[in-house]
Amino acid sequence: MTLSSPAKLDTSVLLPLEPEEEEERPLSERIPGLRRYLAGLYGARASLRALPGEGGTQVARRTSFDGRVLFLPEAYRGFRDETADRLYLAAVAHAGAHLAFGRARFEPKSLKPLQIALISLLEDARVEWLAMEALPGLRRLWRPFHDALALDKDGATATAEVLMARLALALFDPARPLDNPWLAKGRDMFFAAMPEWDDPGALRLLGSLLGNDLGQMRVQFNSKTYVVQPVYRDDNAGLWEFDRPPPPEEDDTSLAEAVRIETREKPPEPGERERREAGGESDPRPASLSPLDPDQWIAVARMPEWDHGAGRLRPDWATIVEATPRTAPAALVERWLEARPDVARRTAGLIRQAKVGRPARLRRQGEGDRLDLDAAVRAAIDLRAGFDPDTRVFERSALSERDLAMLVLLDISESTKDTIGGTATSVFSVLREAVAHLSAALAETGDRFALHAFCSNGRDEVRYRRVKEFAEPFGNAARSRLAGLRPGLSTRMGAALRVATREAARQLSHRRLVLVVTDGEPSDIDVTDPAYLVEDARKAVQEAAGAGVDVFCVGLDKTGETYLSRIFGRGNFVQIGKVEMLPDRLPQIYVRLTR
Amino acid sequence: MPLSAYQIAEEPYFEPQGGEVALFSAAHALRQPVMIKGPTGCGKTRFIEHMAWRLGRPLITVACHEDMTASDLVGRYLLDAGGTAWHDGPLTLAVRHGAICYLDEIVEARQDTTVVVHPLTDDRRILPLEKKNELVRAHPDFQLVISYNPGYQSVLKDLKESTKQRFVALDFAYPDAEREAQIVAREAGVAKDVAVLLVRIAERTRNLKGHGLDEGASTRMLIQAGRLIKQGVGLAEACHVALVLPITDDMGVRETLSDVIAACA
Ligand SMILES: Nc1ncnc2c1ncn2[C@@H]1O[C@H](COP(=O)(O)OP(=O)(O)OP(=O)(O)O)[C@@H](O)[C@H]1O
Ligand SMILES: [Mg+2]
């Protein structure tokens with residue numbers, strides 16, 4: 001065998017030759033599909049991200065994984081269109097094979113870099129074989145990417161890299177004739193070891209052996225310039241127990257985001273808010289132009305409160321205060337919507353149905369296209385018995401008209417900061433996501449809706465936040481107020497409910513609805529009797545009914561049965577045990593409530 | 001015999017998944033109300049047909065829907081030449097004459113409709129026909145069975161607790177790969193290797209539950225695809241029209257499904 005002198009390592013063959021191309025499909029657009037592909041193939045879940053530090057690097061990019069996080073290059077140089085699509089699928093299918101069939105990381109111990117590369121190559125071949133056993137079609141996906149280097153038989157370029165690319169092909173496609181004894185040895189030993197594939201020691205031994213052979217043949221290997229072939233494979237970093245930087249945290253985005261916004265918002269530069277909001281459509285409310293500080297609360301109304309002990313209404317007892325809404329970039333709302341494409345899709349479907357309206361069966365009609373049998377029979381019996389029959393014996397179907405106005409009232413008290421069992425996600429963050437999904441869907445129906453939130457700090461400070469008003473669209477202004485919402489303080493529900501009722505009652509719609517979303521029992525710092533605020537809220541609900549406003553509640557407290565049914569009445573609330581389900585449930589509830 | 005039309009003559013083919021035949025037989029011996037849970041197209045209806053045949057009982061099936069009223073179940077007065085005449089609804093028919101009454105997808109019915117089964121499903125075993133002023137005592141052979149798909153309910157579309165707690169439940173899932181292939185081969189009339197492949201594809205689509213699909217491909221869908229293949233349609237095309245297109249309208253998810261299916265064969 002003729003071998004090239006190591007100094008003449010020709011890097012041009014290691015890199016695809018085409019120049020940097022213009023705009024391909026951005027990775028972020030591919031990720032949802034690739035995540036699904038991974039889930040479909042292996043039932044595996046992983047977080048897919050862009051490789052950090054993109055751009056301007058000499059080394060060709062490979063995927064990389066670390067536990068359940070899979071990093072993908074923004075683009076593969078030299079691959080575009082259809083081929084690029086297939087390459088990403090191939091890369092995810094390969095990394096997924098590691099996730100599905102991999103095992104504990106190898107220890108590098110005293111292995112040389114070449115041996116490490118070879119052992120990785122064998123492991124790649126092993127997991128691919130196992131994957132192809134279950135999913136034979138993967139062979140067609142992977143095969144075309146093997147050719148570039150592996151078919152280069154020119155002795156002048158028989159570097160370690162080329163030999164390894166050819167070994168990769170020999171292991172992938174063992175039926176191909178080989179003219180190189182080292183390759184044949186590697187292939188034959190690999191398949192002879194098949195019964196021991198489960199034992200990581202077997203591959204380790206074989207890889208070390210093959211590495212020694214190359215060493216004896218004086219084939220040099222430069223671990224600095226070495227790039228795994230074929231291009232769809234990963235950089236092997238996930239296979240080895242190197243001294244690694246701590247793995248990036250999973251699902252840290254919402255927390256990190258919250259912190260970032262908080263700090264950016266801290267000194268509310270005069271004028272900055274205006275500039276931020278000016279980006280969107282104009283806000284019909286003058287609030288955004290008012291010089292009020294978001295934390296400067298101003299008394300706007302007094303509400304009565306029910307003293308169940310004394311059995312009387314205390315007039316002007318609770319003070320409602322309002323302030324200029326805090327804002328944060330409206331794009332955050334967009335991000336929450338995109339983060340759950342499933343929910344968005346299901347919600348859109350639901351709303352599409354709701355929009356069509358659903359035929360209602362109207363019974364006991366004076367006229368109609370069908371006989372209402374029960375009514376007709378009743379009439380016949382009355383006739384015979386000598387009574388005056390009710391002549392409305394017809395039945396017809398009509399599309400129900402939608403004419404309603406809904407006010408969503410959010411409890412954003414301190415307790416919504418609680419995290420959901422075992423995760424870093426807070427109730428509040430799920431709540432605002434859910435509201436974002438619902439709002440986006442409602443904007444579609446054309447139903448009138450408003451979005452308000454409340455918390456309290458004793459009876460003199462019932463804070464009422466207007467995120468979106470009935471008259472305005474769910475545009476950038478409303479979105480940035482939703483993004484700017486922050487939880488804190490207590491839950492004086494009755495007072496807030498009275499304000500909401502007043503607002504809803506002002507709407508001219510046929511049906512007026514207040515939908516309260518709360519995570520706990522009413523409470524406040526100046527109230528010790530646990531029944532007091534419950535009874536007051538109950539009273540507020542009754543008042544709403546008197547004003548022609550329906551009140552419905554979504555409770556996020558598994559143990560809330562007692563007080564929720566006390567306040568809202570049986571059948572006028574639902575409990576959602578798993579808070580994570582709220583984004584999905586909330587639109588469903590809305591659709592059911594309003595048809 | 002008033003229910004002879006509801007008697008099942010031929011054995012409906014059913015491939016048992018576990019102990020469900022024995023369990024159902026035991027529940028039937030006690031006339032316990034049974035609820036069968038499971039995703040769509042996993043064999044719930046087929047199982048009940050098979051059991052009715054095996055136990056030699058007539059089977060009356062009602063597909064429940066939202067506009068269904070209690071009268072639709074128990075019966076009503078109808079006008080005829082001589083005046084009005086009472087007509088038993090399907091439930092009453094089964095109660096009077098001793099059939100298995102199968103209420104399919106019961107959650108679709110409104111809760112005020114479903115409560116009519118309450119007096120039938122406790123020790124009383126009676127069905128009051130309010131309008132007719134009659135109290136029907138259930139025939140000793142009468143048994144109530146409902147089906148219920150836990151995946152599709154929303155919070156507001158659920159059985160009342162007081163309804164749920166009257167039933168013993170059998171939980172169905174898609175059969176294991178071996179059995180499912182057996183079923184597909186037999187029902188679609190395709191070769192075993194084709195059936196195995198279809199089942200492999202189904203397993204992968206079921207992985208996508210929660211990733212864009214509410215439910216993966218059902219056994220029923222595989223049988224449909226298999227039947228097309230039997231007719232000479234190619235595998236890829238059969239999967240496309242019988243699995244991919246019906247299951248989702250989302251273009252991205254369809255693309256993933258096609259890619260995943262391509263990886264299977
Ligand atoms: N265990 C089984 N044995 C035989 N055939 C089966 C079995 N499971 C499913 N099938 C086949 O699948 C088809 C669908 O099953 P079936 O109609 O019983 O589903 P289902 O669970 O009642 O669905 P749905 O909830 O949508 O009504 C049947 O027609 C039958 O061909
Ligand atoms: Mg069925």
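Any read-out appearing in this document is the output of simple, stated calculations on the displayed coordinates, not a laboratory observation. This is a predicted model, so every value here is computed, not measured. Please note: Cβ atoms are built from the backbone with ideal geometry, for glycine as well, and neighbour counts cover all protein chains shown.
Would you kindly derive the ³J(HN,Hα) couplings of the range A:547-555 from the backbone phi angles with the Karplus curve 6.51 cos²θ - 1.76 cosθ + 1.60 (θ = phi - 60°), listing them in order in whole Hz, with x for Gly and Pro?
Computed from phi, the couplings for the range A:547-555 are 8, x, 10, 7, 10, 10, 10, 10, x Hz.
Of the listed pairs B:LYS132/B:LYS160; A:LYS558/B:LYS160; B:LYS37/B:LYS164; A:LYS578/B:LYS209; A:LYS417/A:LYS558; A:LYS539/A:LYS578, which have alpha-carbon separations greater than 21 Å here? Write down the numbers at each step before the final one.
Working: B:LYS132/B:LYS160 27 Å; A:LYS558/B:LYS160 17 Å; B:LYS37/B:LYS164 12 Å; A:LYS578/B:LYS209 18 Å; A:LYS417/A:LYS558 16 Å; A:LYS539/A:LYS578 29 Å.
Violating the 21 Å limit, Cα to Cα: B:LYS132/B:LYS160; A:LYS539/A:LYS578.
A:ARG314's amide H: which non-local residues (gap 5+, or another chain) put their own amide H closer than 5 Å, with H modeled 1.01 Å from N in plane and none for Pro or chain starts?
Placed amide hydrogens put A:GLU305, A:TRP306, A:ASP307 under 5 Å from A:ARG314.
Residue by residue, what Karplus-based ³J(HN,Hα) values in Hz, rounded to whole numbers, does the range B:102-116 have, using 6.51, -1.76 and 1.60 with θ = phi - 60° and x for Gly and Pro?
Per-residue couplings from phi come out as 10, 9, 7, 6, 5, 5, 5, 6, 6, 5, 6, 7, 5, 5, 4 Hz.
Work out the P(r) tail for the range A:459-548: percent of alpha carbon pairs separated by more than 14 Å, whole number.
On the way: 2799 of 4005 pairs.
Looking at the range A:459-548, the distances longer than 14 Å represent 70 percent of pairs.
Would you pull out the residues with amide H under 5 Å of A:ARG364's amide H, same chain only if 5 or more places away, H placed 1.01 Å from N?
A:PHE394
Please give the length that would be gained between A:LEU508 and A:ASP147 if that part of the chain were fully extended, namely 0.36 nm times their separation in residues minus their C-alpha to C-alpha distance (nm, one decimal). Kindly include the intermediate steps, with their values, before the conclusion.
Details: separation 361, 0.36 × 361 = 129.96 nm, distance 7.06 nm.
Difference between extended and current length: 122.9 nm.
Taking R0 as 56 Å, what's the FRET efficiency between B:ASP193 and A:ARG364 from their Cβ-Cβ distance, rounded to 0.05? Could you put the intermediate results ahead of the total?
On the way: r = 61 Å, r/R0 = 1.09.
Efficiency, from the Cβ-Cβ distance: 0.40.
What FRET efficiency do you get for A:ALA471 and B:ALA22 if R0 is 60 Å and r is their Cβ-Cβ distance, rounded to the nearest 0.05? Walk me through the numbers before you get to the answer.
On the way: r = 65 Å, r/R0 = 1.08.
The value I calculate is 0.40.
Using only Cα atoms, tell me the angle between helix B:177-188 and the longest principal axis of chain B; keep it within 0 to 90° and round to the nearest 10.
The two axes meet at around 80 degrees.
For the range A:359-399, rounded, prolate or oblate, judged on the Cα gyration tensor with a ≥ b ≥ c (square roots of eigenvalues), a/c < 1.5 rounded, else prolate if a/b > b/c? Could the numbers behind the result be given before it?
Values: a/c = 3.69, a/b = 2.94, b/c = 1.26.
Prolate shape, in that a/c is at least 1.5 and a/b is the bigger ratio.
By DSSP, what percent of the beta bridges with both residues in the range B:4-171 are antiparallel, rounded to the nearest 5? Before the final figure, lay out each step's value.
Values: 10 of 27 bridges.
Just about 35 percent of them are antiparallel.
Amide H of A:LEU48: which non-local residues (sequence gap of 5 or more, or other chain) have their own amide H closer than 5 Å, using H built in the peptide plane?
A:LEU70
What does the net charge come to around B:PRO90 if you take all other residues with beta carbon closer than 13 Å to its beta carbon, with K and R at +1 and D and E at -1? Intermediate values should be presented prior to the final figure.
Working: positive: B:ARG76, B:ARG96; negative: B:ASP72, B:ASP88, B:ASP104.
Around B:PRO90, the charge tally is -1.
For A:ALA443 and A:GLU24, what does the FRET efficiency come to when R0 = 45 Å and r is the distance between their Cβ atoms, rounded to the nearest 0.05?
Given R0 = 45 Å and the Cβ-Cβ separation, E is 0.85.
Can you give the net charge of the other residues whose Cβ lies under 12 Å from the Cβ of A:LEU556, counting K and R as +1 and D and E as -1? Numbers along the way, then the final one.
Values: positive: A:LYS558, A:LYS578, A:ARG585; negative: A:ASP411, A:ASP418, A:ASP519, A:GLU521, A:ASP557, A:GLU580.
Taking every Cβ under 12 Å from that of A:LEU556, the sum is -3.
What number, in percent, do you get for the relative contact order of chain B if the mean sequence gap of Cα pairs under 8 Å and at least 6 apart is divided by its residue count? Write out the running numbers ahead of the final one.
Values: 427 pairs, mean separation 51.8, N = 265.
Dividing the mean separation by the residue count of chain B yields 20 percent.
Using alpha carbons only, how many degrees (0 to 90, rounded to 10) separate the axis of helix B:44-55 from the longest principal axis of chain B?
Tilt of helix B:44-55: around 60 degrees.
Under a plain spin-label model, where a point goes 7 Å from the Cα along Cα-to-Cβ, how far apart in nm are A:GLU82 and A:THR419?
4.8
Once the other residues with Cβ under 12 Å from the Cβ of A:ARG187 are scored (Lys, Arg +1; Asp, Glu -1), what is the net sum?
Working: positive: A:ARG166, A:ARG176, A:LYS185; negative: A:ASP173, A:ASP188.
Charge balance near A:ARG187 sits at +1.
With n ≥ 4 as the cut-off for DSSP H runs, can you work out [θ] at 222 nm for the protein assembly as shown, using -39500 (n - 2.57) per run divided by the number of residues, rounded to the nearest 500? All intermediate terms of the calculation are to be shown ahead of the outcome.
Values: 30 runs with 348 residues, N = 860.
Calculated from helices alone, the mean residue ellipticity at 222 nm is -12500 deg cm²/dmol.
Angle check, please: helix B:219-230 long axis (alpha carbons) against the longest principal axis of chain B (alpha carbons), in degrees 0 to 90, nearest 10.
With rounding to tens, the tilt is 50 degrees.
Tell me the label-point distance for the pair B:LEU30, A:ILE525, using the 7 Å Cα-to-Cβ offset, in nm and rounded to one decimal.
Each label point is offset 7 Å from its Cα along the Cβ direction, giving 5.8 nm.
Could you tell me which of rounded, prolate or oblate describes the protein assembly as shown, using a ≥ b ≥ c as the square roots of the eigenvalues of the alpha-carbon gyration tensor, with rounded for a/c under 1.5 and, failing that, prolate when a/b is larger than b/c and oblate otherwise? Don't jump to the answer; show the numbers that get you there.
Numbers: a/c = 2.64, a/b = 1.36, b/c = 1.94.
Because a/c hits 1.5 or more and a/b fails to exceed b/c, the protein assembly as shown counts as oblate.
HN-Hα J couplings of the range A:440-455 from phi, Karplus 6.51/-1.76/1.60, θ = phi - 60°, integer Hz, Gly and Pro as x?
Karplus values, whole Hz, x for Gly and Pro: 4, 5, 5, 4, 5, 6, x, 5, 6, 8, 10, 10, 10, 9, 8, 7.
Using 0.36 nm times the number of residues separating A:ARG392 and A:ARG314, minus their current alpha carbon distance, what extension gain do you get?
Details: separation 78, 0.36 × 78 = 28.08 nm, distance 4.88 nm.
The A:ARG392-A:ARG314 span can extend by a further 23.2 nm.
Can you pull the one-decimal nm distance between simple spin-label points at A:LYS112 and B:ARG54, each 7 Å off the Cα toward Cβ?
The modelled label-to-label distance comes out at 6.7 nm.
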